[in-house]
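Below is one structure, written out as structure tokens; comments come after it.
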Amino acid sequence: MIFAPHILQIKSIPASKDDENGDPVTVSESNWVTVAKCRCDDNTTKEFKDEVGHVYRPSYHIVYEGEPIKAGTDIRCLNPDGSIRGEGKVYLPKKTNYFNYSELWI
């Protein structure tokens, strides 16, 4: 991508493990995995309506090079200095027609 000043990260939650009795043990630790360089723009105009008619206005629109991330995934965008620019759950992922770019709204 020509203009990608931000860093896109997804939240990685480890799979649950079993203890010596075979009972599942949940691991509360999660970490952030860097996916790609991206452009994270404030979104104040685009609205989406779901099947029920609820209106959703995402806070950020993200464009990056790569495959789409599934809806519902926790993601965040970082500024070059490491501060958080925006974070949330993916509402609507899309794959564009050109340059292998993907778009996300969170």
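The values are calculated or read from the model by the stated rules, or taken from the named source; none is laboratory data. Worth saying up front: this structure is predicted, and the values here are computed from it rather than measured. With ideal geometry, Cβ positions are generated from the backbone for all residues, glycine too; neighbour counts draw on all protein chains shown.
Among residues belonging to region 89-98 that are free of Cβ contacts under 8 Å to residues at least 40 places away in the same chain and not aliphatic (A, V, I, L, M), point out the one that is surrounded by the most Cβ atoms within 10 Å (Cβ to Cβ). Residue satisfying both the conditions and the ranking: PRO93. Does LYS70 satisfy being in contact with a strand residue (DSSP E or B) (Cβ under 6 Å, 6 or more places away or on another chain) and surrounded by fewer than 17 Cβ atoms within 10 Å (Cβ to Cβ)? When the stated conditions are applied, LYS70 does not pass them.
Results for (1) in contact (Cβ under 8 Å) with a residue 12 or more places away in the chain; (2) of a type in the set (Val, Ile, Thr); (3) touching a helix residue (DSSP H, G or I) at 6+ places or on another chain (Cβ under 7 Å); (4) on the phi > 0 side of the Ramachandran plot, shown as yes or no for each residue.
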| residue | (1), (2), (3), (4) |
| --- | --- |
| THR34 | yes, yes, no, no |
| CYS40 | yes, no, no, no |
| ASN43 | yes, no, no, no |
| PHE48 | yes, no, no, no |
| GLY72 | yes, no, no, yes |
| ASN79 | yes, no, no, no |
| TYR101 | yes, no, no, no |
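Every condition in (1) within 16 Å of GLY88 (Cβ to Cβ); (2) modelled with pLDDT under 90 holds for LEU8 except the one numbered (2). Among the residues making up region 73-82, those that are surrounded by fewer than 19 Cβ atoms within 10 Å (Cβ to Cβ) and closer than 18 Å to ASN31 by Cβ are THR73, ASP74, GLY82. Which of the residues belonging to region 50-93 are closer than 19 Å to PHE3 by Cβ and either modelled with pLDDT under 85 or of a type in the set (Lys, Arg) (or both)? ARG85 - this is the single residue of region 50-93 that is closer than 19 Å to PHE3 by Cβ and either modelled with pLDDT under 85 or of a type in the set (Lys, Arg) (or both). With respect to the conditions (1) part of a loop (DSSP other than H, G, I, E, B); (2) over 18 Å from SER30 (Cα atoms), GLU103 lacks only one, and its number is (1).
The residue that is surrounded by the most Cβ atoms within 10 Å (Cβ to Cβ), among those in region 21-65 that are acidic (Asp, Glu) and not in a loop (DSSP other than H, G, I, E, B), is GLU65.
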